[in-house]
Amino acid sequence: MMVATNEDSVSDDRALQRELTDDAVKPMVVPMYTRSGHLIVPPPLKGTREILVHQNVMADNAGLSRIQDDADLDRMRADHLLLSFPDITALEINEDLPMNRRCARPWTVKFAADTARAFYARFHEPLRLNSAVRTVDYQLRLQRVNGNAAAVDGDGASPHLTGQAIDFGKHGMSVAQIAWMRSYLLPLMQAGKIDVEEEFQQACFHISVYGSYVPKKHVSPKMEEAQLRGEPKGQ
């Protein structure tokens, strides 16, 4: 009997990642200037309590577990319930982000790659990914040093605990780049594909991505099998 090795798991992870990210999104045509040449700056996509609650409702409806600790995280990576972000020029990952947390739900990985490619096509600069999946253990430690850190359970829990959420950093972005991000994200939010909370103290776009972001035609049998293996205990 052949036994799967860790190298096999890494290879499978990369194959699933390619299935989601190789088909680059066609960049949206985002109107940025008036006919007289003035930059159009949409209003901020500010977060609300209702948006936070909705992110948790969506996670619960999708049956997503809250990831408890590093062991839980490693199991989910091995089962391809979480995928690594692709190594592409358009996406710059925060160097302080631990290697085992440079991953997210498959549909969130695709969204990150799509958005980064569209941003790069417009500005020729990478989009910075500051944060992705978190564990309950990590969030509890974060609460001890950051009084604004979200909870680990209930309808106000951090969406990062499910692996569906990411943060794109705003630090260093020009006004035009921030305007582009708002214009790009708003239609996706209105379509129910994502929820966005634009943060100012942490200077980021916090985004929860939902499974409906990935059209069925992009979900391979192998992907479906990985998702149907089920979630680990500890929701």
Practice item. Looking only at the range 84-101, count how many residues are charged (D, E, K, R) and open to solvent by less than 40 Å² (accessible area, probe 1.4 Å). Key: 1
Point to revise | Subset of the range 84-137 (residues that are aliphatic (A, V, I, L, M) and in contact with a Cys (Cβ under 9 Å, 6 or more places away or on another chain)) | key: V109, A132, V133
**Study point:** Residue within the range 5-21 that is modelled with pLDDT under 95, in a helix (DSSP H, G or I), among the basic types (K, R) and under 26 Å from Y120 (Cβ atoms) present
**Key:** yes
Review point. Is it the case that E125 is surrounded by fewer than 19 Cβ atoms within 10 Å (Cβ to Cβ), part of a loop (DSSP other than H, G, I, E, B), out of contact with any helix residue (DSSP H, G or I) (no Cβ under 7 Å at 6 or more places or on another chain) and modelled with pLDDT of 95 or more?
Key: yes
Review point. Got at least one residue in the range 145-160 being in a helix (DSSP H, G or I), within 14 Å of the chain's Cα centre (by Cα) and not basic (K, R)?
Key: yes
Study note, to complete from the structure: Filtering the range 128-139 down to residues that are in a helix (DSSP H, G or I) and either open to solvent by less than 50 Å² (accessible area, probe 1.4 Å) or of a type outside the set (D, E, K, R) (or both) yields V136, Y138, Q139
Point to revise | Residue match in the range 144-156 (condition: open to solvent by less than 10 Å² (accessible area, probe 1.4 Å) and within 24 Å of V53 (Cβ to Cβ)) | key: no
Review point. Among the residues of the range 113-132, which ones are among the small types (G, A, S) and in contact with a Phe, Trp or Tyr (Cβ under 6 Å, 6 or more places away or on another chain)?
Key: none
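The values are calculated or read from the model by the stated rules, or taken from the named source; none is laboratory data. Since the structure is predicted, the reported quantities are computational estimates derived from the model, not experimental observations. Here Cβ is always computed from backbone atoms with ideal geometry, including for glycine, and neighbour counts include all displayed protein chains. To get the accessible areas, we keep the full protein, side chains included, count just its heavy atoms, and leave off ligands, DNA and RNA. Shrake-Rupley method; radii C 1.70, N 1.55, O 1.52, S 1.80 Å.
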